[in-house]
Amino acid sequence: MTAQELTDTIEIRELFARYCRAVDDGDAETWAKTFTADGAMNWSSGISEGYEALKELVPRVTGQGIHTTTDSVIELKGDSARHWCTVVIYTRTPGSPHEVRLVGRYEDELRRTPAGRRIKCRDVQTPYRLSDTRVRP
């Protein structure tokens, strides 16, 4: 791995850490800025495209849980990159222990922008929810 590839990989990992923290904290502005200006998110409620549409998603999901990602695989291709990871969302209920609420996958296309790497498109696959007998905390 070259020095540039290492720098790009660290930048992408930090981007996804900011993504999780921003959505969990209800920071729609920071969260939407993890995407390109024309970025899109394809999830169970449809496709949200563009900065304003992405910002509108945050109030719908904030406070529902704590997002964590693991098993990241990053494939760099110049100014583009692909990323795959597992997402686990824990419930956030005051006074109760956190429980697994959802397990799924993120598949991302990223682009280098003047502001750094950003998500061009995130495909959210959430086949396992807490009520699913295949997943138990």
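The values are calculated or read from the model by the stated rules, or taken from the named source; none is laboratory data. As the structure is a prediction and not an experimental result, all values here were calculated from the model. In this analysis, Cβ positions are derived from the backbone assuming ideal geometry, glycine residues included, and neighbour counts consider all displayed protein chains.
Numerical summary
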{"read-out": "Leading residue by the ranking (farthest from T69 (Cα to Cα)) among those in the stretch 1-25 that are surrounded by 13 or more Cβ atoms within 10 Å (Cβ to Cβ) and of a type in the set (D, E)", "value": "D8"}
{"read-out": "Selection status of A28, buried (at least 17 other Cβ atoms within 10 Å of the Cβ), within 15 Å of the chain's Cα centre (by Cα) and at pLDDT 95 or above", "value": "no"}
{"read-out": "Pairs where the first residue, in the stretch 44-55, is in contact (Cβ under 8 Å) with a residue 60 or more places away in the chain and the second is polar (S, T, N, Q), C-beta under 9 Å, 6+ apart", "value": "S44/T126"}
{"read-out": "Failed criterion for T68 (all others in (1) crowded, with 16+ Cβ neighbours inside 10 Å; (2) at pLDDT below 95; (3) within 12 Å of the chain's Cα centre (by Cα) hold)", "value": "(1)"}
{"read-out": "Residue count, the stretch 54-91 (criterion: part of a helix (DSSP H, G or I) and farther than 16 Å from D123 by Cβ)", "value": "6"}
{"read-out": "Among residues of the stretch 99-119, those that are more than 20 Å from R82 (Cα to Cα), in contact with a Gly (Cβ under 8 Å, 6 or more places away or on another chain) and not charged (D, E, K, R), counted", "value": "1"}
{"read-out": "Contacts under 7 angstrom Cβ, first residue in the stretch 80-100 being over 30 Å from D8 (Cβ atoms), partner assigned to a strand (DSSP E or B), 6 or more apart", "value": "T91/R101; R92/I66; H98/I66; H98/Y90; E99/Y90; V100/V88; V100/Y90"}
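So that you can scan it fast, the table gives a plain yes or no per residue for (1) surrounded by fewer than 16 Cβ atoms within 10 Å (Cβ to Cβ); (2) of a type outside the set (A, V, I, L, M, F, W, C); (3) at pLDDT 90 or above:
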position: A32; (1), (2), (3): no, no, yes
position: G39; (1), (2), (3): no, yes, yes
position: E49; (1), (2), (3): yes, yes, yes
position: E107; (1), (2), (3): yes, yes, yes
